[in-house]
Structures are given as C-alpha cells and as structure tokens.
Amino acid sequence: MFDFHIHSDFSADCNTPMEKTIEYAIKEGLHEICFTEHIDEDYPDPTIDFSLDLASYHRKIQAMQREYGERIKIRKGLEIGVQPHLVKNCTQTVHSAPFDFIICSMHTTDKQSLHTSNFFEKQPVEEAYRKYYEELFYCVSRFKDFQVIGHIDLVKRYTKNKPVQDHFYDVLTNIFEAIIYAGKGIEINTSGFRYGLPCAMPSEDILQLYRECGGEIITIGSDSHRAQTVGYGVSDALKLLRQLGFRYVTTFQDKQPTFHRI
C-alpha cells in the first residue's frame, strides 16, 4: 500500500499537520507515503499563494522520518505547477533542494486558473480541453525534471456536466510518447471519486492508451489534503491496473524508481 500524492499544512490549500496524516496512514496499514507539497509560481488567483518554504519543509520531513521511520517510509516530494512561460523557473526550483519525487501538474491554462476562473465558460469545452492538453504537451516536452505527470485529465473535474465528444487521443499520444521516451510516467490520482467523477484521474481509456503507447511507470496517489483521505482508493486503483494489464506500481526514492509487482 503506497500513497505518493499527499499534502500537509506546508501547502497553501491544506491545514492538516504532517503528524496527523502520518499517524492515520500507519493506522490504515500503508507502507510508504510521499508528501508532495505545492509550488505553483505565478498562480493566477491573488487570494492564494502557492509558494513553499523549502528549508522548513526539509527539516520537517527529516523530523518526521526520525519520529516515524520505524513504522512507515516517508518520502519528500513536490507537486510543481507548470506553465509554458515558467519552464526554466520550474527547472531551477526542483534543483534548489533535494527531493525523492516530483509530480508535474498543470492547474492553469492560458494563464487562467482551472479552479477559480471562468476558463471553461469563455469558450467551447472542446476548445478548452485542447488548449489544456497542448499546453501540457509543450511543458513536458521542455521541462524534464519530474517523475510523473499528475492528474493528467484534470479538466474533467471542472466540466462534469458538460459532454465532450473528442477524446483528444492525438495530443495525449504525443504527451505519452514524449514522457515515455524520457523515462517518465503518470499517476493514478484517486481524488476523482471524491470530486464527483465516475473514475479516478486519468480515466480508464487514457490509462489503456498509456499502456498501448508502452507506458510502464505509474504511481498511485490520493491527492489527500485531510488525514482521513490518505490511501483513499489505492486498493481499487491497484485492481484496475491489474485488469488493464499493468504489471507494476512504482515508488521513488532519490528520484530513482522501484517497481512493485501487482
């Protein structure tokens, strides 16, 4: 049981102390977890600041590893928000401190927040989706210092009641070919269920496309911002991976993968 996408009160959108999350993870029988705190530079919502005190974060992780290390493995990760104009900045950020694991996520498109703006109302939803995927492809083709793409079809979370005809397999294939060639992977983000989607992120068809493209590196994360959701949906995600023909789930230490047979 692994959960490689967890937030604590080091992330601007979370107020849960690490201790509470770790103790719940131990109670739930998880073997290894990774905190992946937010950095989202130039986030287009002035009401929230997704910066991160890297030095304090490093000290806290070390303290938690000393306190709980005999009962659970704790890794230090980062969820970095990418935008086309910030690729060089993202590279500098991830090299400014040691990390076990980096998630490359896109929470904005066209310099607009997917969460708080009216991005999906200002244009046809298919056009919004394509802009999102094309910006993501631009970023992952140039930003190389990450291990997996986070919640690759995040746009679905904000358009649950808007039918979309196009599956965008063309640009998704481009994304997958780029990251697979570079030795990167994707995550299954189980928070999709918590946000009212019928599936995790990505959906089953996108997971199948990733496998058909030759993808093997895949992590599982709850994207938890509360202790009680740590490990949420991990067992179901493992079952789905087996059903789709994946052989391994991946964890990381010092950015090096370990493949666990499922």
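The residue that is least open to solvent (accessible area, probe 1.4 Å), among those in the range 210-258 that are under 15 Å from Phe101 (Cβ atoms) and without any contact (Cβ under 8 Å) to a residue 12 or more places away in the chain, is Thr258.
Taken as a whole, the condition of being in contact (Cβ under 8 Å) with a residue 60 or more places away in the chain, β-branched (Val, Ile, Thr) and over 23 Å from Phe35 (Cβ atoms) applies to Thr116. Residues of the range 91-102 that are touching a helix residue (DSSP H, G or I) at 6+ places or on another chain (Cβ under 6 Å) and open to solvent by 10 Å² or more (accessible area, probe 1.4 Å): Ala97 alone. Among the residues of the range 126-172, those that are out of contact with any strand residue (DSSP E or B) (no Cβ under 9 Å at 6 or more places or on another chain) and among the aliphatic types (A, V, I, L, M) comprise Val164, Val171, Leu172. Determine whether Phe2 is in contact with a Leu (Cβ under 9 Å, 6 or more places away or on another chain), over 24 Å from Cys139 (Cβ atoms), touching a residue at least 60 places away in the same chain (Cβ under 8 Å) and not acidic (Asp, Glu). So Phe2 fits the description; yes.
I need the full set of residues from the range 173-185 which are in contact with a strand residue (DSSP E or B) (Cβ under 8 Å, 6 or more places away or on another chain) and either in a loop (DSSP other than H, G, I, E, B) or aliphatic (A, V, I, L, M) (or both), in order please. Within the range 173-185, Ile175, Ile179, Lys184 qualify. Could you tell me which numbered condition Thr173 fails, if it satisfies all but one of (1) of a type in the set (Val, Ile, Thr); (2) open to solvent by less than 10 Å² (accessible area, probe 1.4 Å); (3) more than 18 Å from Pro257 (Cβ to Cβ)? Unmet condition: (2). As a summary of the residue check, Gln65 satisfies the conditions (1) exposed (fewer than 13 other Cβ atoms within 10 Å of the Cβ); (2) free of Cβ contacts under 8 Å to residues at least 24 places away in the same chain; (3) over 20 Å from Tyr138 (Cα atoms) except for the one numbered (1).
Looking across the range 1-53, the residues that are hydroxyl-bearing (Ser, Thr, Tyr), outside any helix (DSSP H, G or I), buried (at least 16 other Cβ atoms within 10 Å of the Cβ) and out of contact with any Gly (no Cβ under 9 Å at 6 or more places or on another chain) come down to Ser8, Ser11, Thr16. There is at least one residue in the range 69-79 that is charged (D, E, K, R), open to solvent by less than 20 Å² (accessible area, probe 1.4 Å) and more than 16 Å from Gln253 (Cβ to Cβ). Of the residues Lys60, Lys88, the single one that is closer than 22 Å to Tyr132 by Cα, open to solvent by 20 Å² or more (accessible area, probe 1.4 Å) and not in a strand (DSSP E or B) is Lys88.
The values are calculated or read from the model by the stated rules, or taken from the named source; none is laboratory data. Predicted, not measured: the structure shown is a model, and the values here were computed from it. Here the Cβ is made from the backbone with ideal geometry for all residues, glycine too, and neighbour counts use every protein chain on show. Protein only, heavy atoms only, side chains kept; ligands, DNA and RNA dropped before computing areas. Shrake-Rupley method; radii C 1.70, N 1.55, O 1.52, S 1.80 Å.
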